[in-house]
1. Among the residues of segment 7-30, which ones are in contact with a strand residue (DSSP E or B) (Cβ under 7 Å, 6 or more places away or on another chain), under 22 Å from K92 (Cβ atoms), in contact (Cβ under 8 Å) with a residue 40 or more places away in the chain and assigned to a helix (DSSP H, G or I)?
2. Would you confirm, using the coordinates I've provided, whether S123 is within 28 Å of A78 (Cβ to Cβ), loosely packed, with under 13 Cβ neighbours inside 10 Å and either more than 20 Å from the chain's Cα centre (by Cα) or modelled with pLDDT of 95 or more (or both)?
3. Between a residue in segment 88-112 that is modelled with pLDDT under 95 and any residue that is surrounded by 15 or more Cβ atoms within 10 Å (Cβ to Cβ), which pairs come within a Cβ distance under 7 Å, given they are 6 or more apart or on different chains?
4. Confirm whether I168 is among the aliphatic types (A, V, I, L, M), touching a strand residue (DSSP E or B) at 6+ places or on another chain (Cβ under 7 Å) and surrounded by 11 or more Cβ atoms within 10 Å (Cβ to Cβ).
5. Within the group Y115, Y203, Y162, Y189, which residue is among the aromatic types (F, W, Y) and over 30 Å from E22 (Cβ atoms)?
6. Examine segment 173-180 for a residue that is surrounded by 14 or more Cβ atoms within 10 Å (Cβ to Cβ), out of contact with any Lys or Arg (no Cβ under 6 Å at 6 or more places or on another chain) and assigned to a loop (DSSP other than H, G, I, E, B), and state whether such a residue exists.
7. Please state which one of Q97, Q51 is within 18 Å of P170 (Cβ to Cβ), polar (S, T, N, Q) and touching a strand residue (DSSP E or B) at 6+ places or on another chain (Cβ under 8 Å).
8. Which one of these is buried (at least 19 other Cβ atoms within 10 Å of the Cβ), of a type in the set (D, E, K, R) and within 30 Å of I157 (Cβ to Cβ): K58, K28, K109, K75?
Amino acid sequence: MLSLIKLKRLDLHPNPIQQFNEWLAEAKAKKSIILPESCCLSTVDTQGYPQGRIMLLKAVDEDGFIFFTNKESQKGKALTANPKASLTFHWKDLLRQVRIQGDVEEVSKEASDEYFHSRPRLSQIGARVSKQSQSLKSKLILIEDFYQEKMLSDEEITRPEYWVGFKIKPKRIEFWSDCDFRLHDRFNYTKNENNDWKIERLYP
């Protein structure tokens, strides 16, 4: 049977973050989807060039979408210079996609500390020794630094100042659902002047 309408306006939650959480929960429940929280983070560097990379979404709240990274990396520098970004989620086995655009701000030091210390100890060490995005003459240098740090005492590892969380506070969120003949369903949420969400259907 042909599928020409999969997503209807009445199916959508008035709050796009709630709608996103529903779709993410469905993606997590589908065993064939590996790392449903993975997404493409897109930024614009200081020369105006777009850059994309796959990240892991770590949290969602009513204000936005949170991920953690090295502030001195390419993406960290881009976000500091131009605090705007987008996230793209694609769940192939559900034939769905979500695109998020918004302004970016750092989360609190307390939130960064909490998440950093929730990570496995060796991952904490990896974050400390990696000069992310800088030139590396030999992988052996990184490995040696890692093992030297690993041999230190078992006291708590201090979060590096450059390892922080960022939150994308959305201004636009689009939900896409596959349909036959490329007549896909697309619904766009945008914030108005009153901070309310407007929903409209888009041509595919």
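1. First, pick out the residues of segment 7-30 that are in contact with a strand residue (DSSP E or B) (Cβ under 7 Å, 6 or more places away or on another chain): 7, 9, 12, 14-17, 19-21, 23, 27.
Those left that are additionally under 22 Å from K92 (Cβ atoms): 7, 12, 16, 19-21, 23, 27.
Still in the running and in contact (Cβ under 8 Å) with a residue 40 or more places away in the chain: 7, 12, 16, 19-20, 23, 27.
Selection gives P16, Q19, F20, W23, A27.
2. Values: within 28 Å of A78 (Cβ to Cβ): yes; loosely packed, with under 13 Cβ neighbours inside 10 Å: yes; either more than 20 Å from the chain's Cα centre (by Cα) or modelled with pLDDT of 95 or more (or both): no.
Considered against the rule, which asks whether it is within 28 Å of A78 (Cβ to Cβ), loosely packed, with under 13 Cβ neighbours inside 10 Å and either more than 20 Å from the chain's Cα centre (by Cα) or modelled with pLDDT of 95 or more (or both), S123 comes out as no.
3. Taking only residues 6 or more apart or on different chains, not a single pair turns up.
4. Details: among the aliphatic types (A, V, I, L, M): yes; touching a strand residue (DSSP E or B) at 6+ places or on another chain (Cβ under 7 Å): yes; surrounded by 11 or more Cβ atoms within 10 Å (Cβ to Cβ): yes.
For I168, the condition - among the aliphatic types (A, V, I, L, M), touching a strand residue (DSSP E or B) at 6+ places or on another chain (Cβ under 7 Å) and surrounded by 11 or more Cβ atoms within 10 Å (Cβ to Cβ) - is met.
5. Working: Y115 fails: over 30 Å from E22 (Cβ atoms); Y203 fails: over 30 Å from E22 (Cβ atoms); Y189 fails: over 30 Å from E22 (Cβ atoms).
Sole residue among the options that is among the aromatic types (F, W, Y) and over 30 Å from E22 (Cβ atoms): Y162.
6. Pass one, segment 173-180, residues surrounded by 14 or more Cβ atoms within 10 Å (Cβ to Cβ): 173-179.
Adding the requirement that they be out of contact with any Lys or Arg (no Cβ under 6 Å at 6 or more places or on another chain) leaves 173, 175, 178.
Subsequent filtering for residues that are assigned to a loop (DSSP other than H, G, I, E, B) retains 178.
Checked segment 173-180: at least one residue is surrounded by 14 or more Cβ atoms within 10 Å (Cβ to Cβ), out of contact with any Lys or Arg (no Cβ under 6 Å at 6 or more places or on another chain) and assigned to a loop (DSSP other than H, G, I, E, B).
7. Working: Q51 fails: within 18 Å of P170 (Cβ to Cβ).
So the residue among Q97, Q51 that is within 18 Å of P170 (Cβ to Cβ), polar (S, T, N, Q) and touching a strand residue (DSSP E or B) at 6+ places or on another chain (Cβ under 8 Å) is Q97.
8. On the way: K58 fails: buried (at least 19 other Cβ atoms within 10 Å of the Cβ); K28 fails: buried (at least 19 other Cβ atoms within 10 Å of the Cβ); K109 fails: buried (at least 19 other Cβ atoms within 10 Å of the Cβ).
Sole residue among the options that is buried (at least 19 other Cβ atoms within 10 Å of the Cβ), of a type in the set (D, E, K, R) and within 30 Å of I157 (Cβ to Cβ): K75.
The values are calculated or read from the model by the stated rules, or taken from the named source; none is laboratory data. Since we're looking at a predicted model, the values are computed, not measured. Neighbour counts run over all protein chains shown; Cβ positions are idealised from the backbone, glycine included.
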